[in-house]
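S.K.: Quick one: this structure, given as structure tokens, is what I'll be asking you about.
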Amino acid sequence: MQTDVYSSLSTVTPFSIRITGLGGQGNILMGTILADALVKDGKWVIQTQSYGAQVRGGLTLCDVLFSDEPIDFPKAKVFDMIFAMHDLGLKTHAKYLKNNGILFVDTSMCGQIPRFIQSVTKKLIALPITQRAEELFNNRVFANVINLGIVASTTKIVSYDNLKKAVLEHVPQKYADRNLKALEEGYQLSQKVYNLREKLKIPYSKGTSSAFE
Amino acid sequence: MDKKFVIMQGDQACAMGAILAGCRFFAGYPITPATDIAEVMSRELPKVGGTFIQMEDELGSAAAIIGASLAGVKSMTATSGPGFSLMQEALGYASMTETPTVFVDVQRGGPSTGLPTRPSQGDIMQARWGTHGDHAVIALYPSTVEEIYRYIVTAFNFAELYRTPVIFLMDEVLGHMRESFHLPDPEEFNIVERIQTKDLKRETVYQPFLENSELYDDIQPLVSMGRSRFHVSGLFHDESGFPVGTPDLASRLMKHFINKIKLHLDNILIYDTYMMEDAEYVVIAYGITARSAYRAVKLARTNGIKVGMFKPITIWPFPAIPLKKILSRISGIVVAELNMGQFSHEMSRINKGLVPMETVLREDGALIQPFDIVDALTKLVGESED
């Protein structure tokens, strides 16, 4: 049992997630809820976010790192998963996606997906999430909770029960039902299931790429 | 293990730990990246019967916590570099009046307003020599959110025990990052409580500035103003606190300031060492840089370099004694820090060219990458860079 950061001798790179969008879309809340749910699952988590002058309308991002081992270095350069909630975020941050990482795109907010992504990954989830939120709730702010449902069903990194608990801790009481409905909607929206990271076994290799990141 | 596994922001952990330590007064002025401490305090302090004041500026904040502490309440303030500069005058006053206070400085890039949302470790020397005149100081600098929670309690204990302002350093990444950790049980902590006036006997004459306490066999603890009446002054003063400007008294008081820290180094110096048993080289890093260094040490170890790590929690007083011991049995050191060489300057002072030393310095507001430290290590070991 690892008790703190300095009790671990592992050099495993933690899984990294970047959620990017415009201020006001709720991407930082989405990262916060995801981080809380991962902690409930017993994962070691570090969540950081961009702190800038922007409040609403500017590009923001939220990074979540998680691992079974305590995480020493709190930043990541490249990401196993990127969630683009807005075109600006997609164009700016898609280049930080790891080879064979998963890219989530909210097509109702994003334009064309950059062509180079084809040569980086085939794991692409593109859905009109904001449009779906507007249809269902007549309000686009529920998009980020739908996103959480999609992440949970597609990647299986977080248990659905704990995600539910984490959502309820963060949303106001009177919107609890609608948020749970949004989460459920997201969970059912896509049937695709992808692994966050796939190990290709190379003979003779010790399999630690950590020195290069 | 049945400890609660939680996720907390560094600033939040600082505030919650302070409340656990018995802090019941907070005066502050919002400044990124320390605003969150004030925010949590404003929400949580009233729940435990404490007081939160947003002051007009940092000068007022620092003065307010000194007043509150003299009145008998454990108090603290939190700020960042620019605000910490403004607090230096009051910090000196707290030193001179030997008032237990905790100053949290969540460092950001400087000088001046600098880089508000980026980390730096540029206030190391300011924490030591920021205020004018000779004085002893205690500065702690944790490196994880869990350590923030633990060592803010230590900071309050040190302030009470040694009757001195304690500077609690953090940095932007530590302050803003949310991290998971096993929440320590409140019963794990020994909390030094303030002696209340009602604990004094009616016939006891309490002199607040006695050099050695006959009542307590050590540094005279501060009791709250109330039953005991005493005077407080920024001028050199006698045992009762009234100004006396004679040279021999000034010299005695000054030596007392220095000695009360120096004679308790055993308790005050907190540091951690990792993988030092067979180490030939050592990486010295503190605060958020210790995280980069720890990864670098692990990476270097997997590549056959026998390297250990020294992580001071107590930055001031400088951990010269344990470092001297390490210097005598290794063949090279790397010092990593997010400034242009403040701690490494002290390091070279005690090293005196004894062993080769490499520094990894960074000032652009980004974290030192683990690989930069590995690079410095390989340079030290003498391998070619390819």
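The values are calculated or read from the model by the stated rules, or taken from the named source; none is laboratory data. Quick caveat, the model's predicted, so the values are computed rather than measured. Reconstructed Cβ throughout: ideal geometry from the backbone, glycine too, with neighbour counts over all protein chains shown.
S.K.: Return the only residue of B:Gly81, B:Gly28 being of a type outside the set (Lys, Arg), over 19 Å from B:Tyr151 (Cβ atoms), within 17 Å of the chain's Cα centre (by Cα) and more than 14 Å from chain A (Cβ to nearest Cβ).
M.R.: On inspection, the qualifying residue turns out to be B:Gly81.
S.K.: Further question: Among the strands (runs of 3 or more DSSP E) contained in the stretch B:98-216, which hold 1 or more residues that are within 14 Å of chain A (Cβ to nearest Cβ)?
M.R.: B:101-109, B:115-119, B:165-171, B:178-182
S.K.: If I filter the stretch B:296-319 for residues that are basic (Lys, Arg) and over 25 Å from B:Glu277 (Cβ atoms), do I get at least one hit? If you could, list the steps in order and put the result at the bottom.
M.R.: The first filter runs over the stretch B:296-319 and keeps only residues basic (Lys, Arg), leaving B:298, B:301, B:306, B:311.
Keeping just the survivors that are over 25 Å from B:Glu277 (Cβ atoms) gives none.
The answer is no, given that none of the residues of the stretch B:296-319 is basic (Lys, Arg) and over 25 Å from B:Glu277 (Cβ atoms).
S.K.: Right, next: For a quick check of your reading: which strands (runs of 3 or more DSSP E) sit entirely within the stretch B:304-386 and have at least 2 residues that are within 28 Å of B:Leu265 (Cβ to Cβ) and free of Cβ contacts under 8 Å to residues at least 40 places away in the same chain?
M.R.: Strands (runs of 3 or more DSSP E) meeting the threshold: B:307-312, B:357-361.
S.K.: Give just the number: which of (1) out of contact with any Lys or Arg (no Cβ under 7 Å at 6 or more places or on another chain); (2) part of a loop (DSSP other than H, G, I, E, B); (3) within 11 Å of chain B (Cβ to nearest Cβ) does A:Thr32 not satisfy?
M.R.: Checking A:Thr32 against (1) out of contact with any Lys or Arg (no Cβ under 7 Å at 6 or more places or on another chain); (2) part of a loop (DSSP other than H, G, I, E, B); (3) within 11 Å of chain B (Cβ to nearest Cβ), the one that fails is (2).
S.K.: Continuing with this model, one more query. For the stretch B:272-301, give me the residue count where each residue is within 7 Å of chain A (Cβ to nearest Cβ), within 20 Å of the chain's Cα centre (by Cα) and crowded, with 21+ Cβ neighbours inside 10 Å.
M.R.: Looking only at that region, the number is 1.
S.K.: Has the stretch B:273-291 got any residue that is at negative phi, assigned to a loop (DSSP other than H, G, I, E, B), in the same structural domain as B:Glu98 (by TED's automatic domain parsing) and among the acidic types (Asp, Glu)?
M.R.: Within the stretch B:273-291 (the criterion being at negative phi, assigned to a loop (DSSP other than H, G, I, E, B), in the same structural domain as B:Glu98 (by TED's automatic domain parsing) and among the acidic types (Asp, Glu)), the answer is no, since none of the residues qualifies.
S.K.: For a quick check of your reading of the model, give me the residue pairs whose first member lies in the stretch B:232-248 and is touching a residue at least 24 places away in the same chain (Cβ under 8 Å), whose second is among the β-branched types (Val, Ile, Thr), with beta-carbon atoms closer than 6 Å and at least 6 apart or on different chains.
M.R.: Here the result reads B:Val232/B:Thr97; B:Asp238/B:Val244; B:Gly241/B:Val232, each pair linking the stretch B:232-248 to a residue that is among the β-branched types (Val, Ile, Thr).
S.K.: Still on this structure: Against the conditions (1) within 14 Å of another protein chain (Cβ to nearest Cβ); (2) within 25 Å of the chain's Cα centre (by Cα); (3) at positive phi; (4) not hydrophobic (A, V, I, L, M, F, W, C), where does B:Gly341 fall short? Just the number, please.
M.R.: Condition (1) is where B:Gly341 drops out.
S.K.: Can you list the strands (runs of 3 or more DSSP E) lying wholly within the stretch A:35-112 that have 1 or more residues being within 12 Å of chain B (Cβ to nearest Cβ) and without any contact (Cβ under 8 Å) to a residue 24 or more places away in the chain? Quick ask: steps written out before the conclusion?
M.R.: Values: elements: A:44-49, A:59-67, A:79-84, A:97-106.
The qualifying strands (runs of 3 or more DSSP E) are A:44-49.
S.K.: For the structure I just gave you, tell me whether B:Thr101 is closer than 22 Å to B:Pro243 by Cβ, assigned by TED's automatic domain parsing to the domain that holds B:His176 and buried (at least 24 other Cβ atoms within 10 Å of the Cβ).
M.R.: yes
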